[in-house]
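Notes follow the structure.
The values are calculated or read from the model by the stated rules, or taken from the named source; none is laboratory data. Nothing here was measured: the structure is a model prediction, and the numbers come from that model. Reconstructed Cβ throughout: ideal geometry from the backbone, glycine too, with neighbour counts over all protein chains shown. Heavy atoms of the whole protein, side chains included, go into the accessibility calculation; ligands, DNA and RNA do not. Shrake-Rupley method; radii C 1.70, N 1.55, O 1.52, S 1.80 Å.
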Amino acid sequence: VLHYLPFQALVSPQGRYLVQDYPIYYLSSASLMQFTKEKRKASKENSGETVLVMGNPSLGDEAYDLRFAEREAKEIARVYPQSAVYLKSEATKPRAVSLSPDYDILHFAVHGELNQEDPLSSALLLAAGGKGDGKLRASEIFSLNLKADTVVLSACETGLGKITNGDEIIGLTRAFIYAGTPSVITTLWKIDDRASYELMREFYTNLKTKKKAESLRQAQLKIMKEFPHPFFWAAYELTGEP
């Protein structure tokens, strides 16, 4: 049940949010600690320069449209000129599978789908690209061979009309960690499009000079000034190495 709780939004006796005084990051289990540390050692020599962005994939229904995801993607490309950005019909599952092993950061501004009966069938929803249904399932993510130092799952929290929190995020997180990345950023709920866009812009700018956990913290602090309520900034979490 603690997976439902954003510790960054807990309030101290001094009336301050925990994230105002500390960078916050999570390990989904103690057994993953050694695993993520080994991944960090392997990845940190060549990390942080190239970004693969999959944004607002075409899913055949305008109700799935993520309006600010495209702006988010273009902003990442501005901060990291060596990015490869694929939007709408180009944000396909085959492209994600084939290209993801080649990049230092993977950014998915997409919807997610939870399968509580079969967690390995939980998936990121991408454009089909002519093959299959476009769902990148957790079982398939486990078998990827990634060199990425960070994976960001932005807006990866919902089936259409139903927000499901908690273990489904851990399922996808765990899959990406076993595939080779030591750090995964996810959301606990779908936050405001504009706040998400601005938070991600700040995070990627900070990441040029700061550690991941501190980059996320500084982004949350900046968003907090304009959008004080935790709804707008507390959903983002870092699991793995800081």
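Observations on the structure shown:
- Test set (1) open to solvent by 60 Å² or more (accessible area, probe 1.4 Å); (2) modelled with pLDDT under 85; (3) touching a Ser or Thr at 6+ places or on another chain (Cβ under 7 Å) - LYS39 fails condition number: (1)
- Selection status of ALA235, buried (at least 20 other Cβ atoms within 10 Å of the Cβ) and more than 14 Å from the chain's Cα centre (by Cα): no
- Count of the stretch 89-125 residues, restricted to those that are more than 18 Å from VAL152 (Cβ to Cβ) and hydrophobic (A, V, I, L, M, F, W, C), is 2.
- Against the test of being assigned to a loop (DSSP other than H, G, I, E, B) and either at pLDDT 85 or above or of a type in the set (Asp, Glu) (or both), the options GLY55, GLY15, GLY48 yield a single qualifying residue, GLY15.
- Per-region count, the stretch 190-218, residues surrounded by fewer than 20 Cβ atoms within 10 Å (Cβ to Cβ) and touching a Gly at 6+ places or on another chain (Cβ under 9 Å): 1
- Applying the condition of being of a type in the set (D, E, K, R) and open to solvent by less than 40 Å² (accessible area, probe 1.4 Å) to the stretch 77-112 and asking which residue is farthest from ARG67 (Cα to Cα) yields ASP104.
- Search result, residues across the stretch 51-70 that are buried (at least 18 other Cβ atoms within 10 Å of the Cβ) and either more than 15 Å from the chain's Cα centre (by Cα) or not small (Gly, Ala, Ser) (or both): VAL51, LEU52, VAL53, MET54, ASN56, PRO57, SER58, LEU59, LEU66, PHE68, GLU70
- Any hit, the stretch 113-132, residues being closer than 17 Å to ALA148 by Cβ, out of contact with any Lys or Arg (no Cβ under 8 Å at 6 or more places or on another chain) and open to solvent by less than 50 Å² (accessible area, probe 1.4 Å): no
- Pair list, Cβ under 8 Å, 6 or more apart: the stretch 175-194 residue more than 27 Å from PRO101 (Cα to Cα) and touching a residue at least 60 places away in the same chain (Cβ under 8 Å), other residue in a loop (DSSP other than H, G, I, E, B) and among the aliphatic types (A, V, I, L, M): ASP193/LEU66
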